[in-house]
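Read the figures in this text as sums done on the coordinates, not as results from a lab. Keep in mind that what you see is a predicted model, and the values were worked out from it rather than measured. In this analysis, Cβ positions are derived from the backbone assuming ideal geometry, glycine residues included, and neighbour counts consider all displayed protein chains.
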Amino acid sequence: MAKIYTKTAPGPDEQVLIQAVREAFQRPFQATDWLDLRVGFFLSIVGETDPGEDDTITGLAETITASPGLGFSDRIQIGVTDRATGTVFCGYTNLPASGSRLISQGDSVLASSDVGVGTTNSDYWRVYNSFSRGPTDAVHIVDGGQSRAAAADGSQLHMVQNFAGGHAAGYATCLMLRFTRDNANSRARIITMQVKKTVGGHSSDVLFSSTPTKAVLTAQLESFPTTVATLGPIELSQVPDTLWCYWPFHNSRLRVHAHGILKAS
């Protein structure tokens, strides 16, 4: 089961939530009458062994092999869902493409990577779908049992493998999503999602930090990136109201350093 781990280095001491292997984390939230809602996480991954690998960020490569397909429980899921039905998901997942059903083609792969989709260095971990290994769609809106929309190349996520002397500036990755709608009624379900996009690159990582605090996350949410991939507008069956993190791999666990929402308007 999940646990709270006291991380003591290299930054100030912090209390970190470490999810058990293939365990989901959910946090319902209440945000009424919003037009612009922003969601953020500071995340990292560590080895599977509890407690021996609570701070081990190397040696985590893994492939979950499709035969011939994989269910959604074998895909990463970092974003938001709805607590009423659990059928809506908006966020990071390695489904192969827009239009994919939840049982879909392609292996789930956690591979050593640079901050793009290559291997010029091994400072990061990257999740991809073997069916579309390179410029893969990494961010989706899922509803009705399939992907309704996906961000094209430029919005991949990375977890840190080497920050001491590597290119990453810290051990935790900041990832953020922005949701907008034209009607602030709590039942308004026509929603647009945005995520950071690197033009000419392959990354939606907002920040790497060894001080992944609520204050740092809030500041990033307030100054949401202006270069973005836009998904929608799409009418969803439910309005998302729950933070959701799920890591499908067997040899690594997800650490949640900070999470939160910001109602910008």
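What does the net charge come to around Gly86 if you take all other residues with beta carbon closer than 12 Å to its beta carbon, with K and R at +1 and D and E at -1?
-2
Which net charge results for the neighbourhood of Val228, defined as the other residues with beta-carbon distances under 9 angstrom from its beta-carbon, given Lys and Arg at +1 and Asp and Glu at -1?
+3
Go ahead and set up a Gaussian network model of the chain, Cα springs under 10 Å, then flag whichever of Gly40, Gly91, Gly11 fluctuates most.
Comparing Gly40, Gly91, Gly11 in the GNM, the peak value goes to Gly11.
Give the order of Val39, Val239, Val199 when sorted by the count of other beta carbons within 10 angstrom, beginning with the fewest.
Arranged by neighbour count, lowest to highest, Val39, Val239, Val199 become Val199, Val239, Val39.
Take the alpha carbon atoms of the range 34-67, find their center, do the same for the range 148-199, and report the distance between the two centers in whole angstrom.
15
Toward the positive end of the charge dipole of the range 3-263, about the Cα centre and with charges on Cβ (Lys, Arg +1; Asp, Glu -1), which of Asn251, Leu35, Gly99 goes farthest?
The listed residue farthest towards the positive side: Leu35.
What does the extension gain come out to for Arg101 and Glu23, with contour length at 0.36 nm per residue minus their alpha carbon separation?
25.9 nm is the gain from fully extending Arg101 to Glu23.
Cut-off is 10 Å between beta-carbons; in what order do Lys7, Lys196, Lys263 appear when sorted fewest neighbours first?
The most exposed by this proxy come first: Lys263, Lys7, Lys196.
Calculate, in nm to one decimal, what Ser122 and Thr218 gain on full extension: separation in residues at 0.36 nm each, minus their alpha carbon distance. Provide the component values of the computation, followed by the final result.
Numbers: separation 96, 0.36 × 96 = 34.56 nm, distance 2.94 nm.
So the chain would gain 31.6 nm between Ser122 and Thr218.
Strictly over 25 Å apart at the Cα level, which of Lys197/Lys263; Lys7/Lys196; Lys3/Lys196; Lys7/Lys197; Lys3/Lys214 would you flag in this model?
With Cα atoms farther than 25 Å apart: Lys7/Lys196; Lys3/Lys196; Lys7/Lys197.
With no solvent and one point on each alpha carbon, what is the Debye value of log10 I(q)/I(0) for the range 109-234 at q = 0.16 Å⁻¹?
Per q value, in the given order, log10 I(q)/I(0) is -0.85.
When each pair of different Cα atoms in the chain is counted once in the 1/r mean, what is the Kirkwood radius in angstroms, to one decimal? Please report the intermediate quantities before stating the final value.
Numbers: mean 1/r = 0.0547 Å⁻¹.
Evaluated on the chain, it is 18.3 Å.
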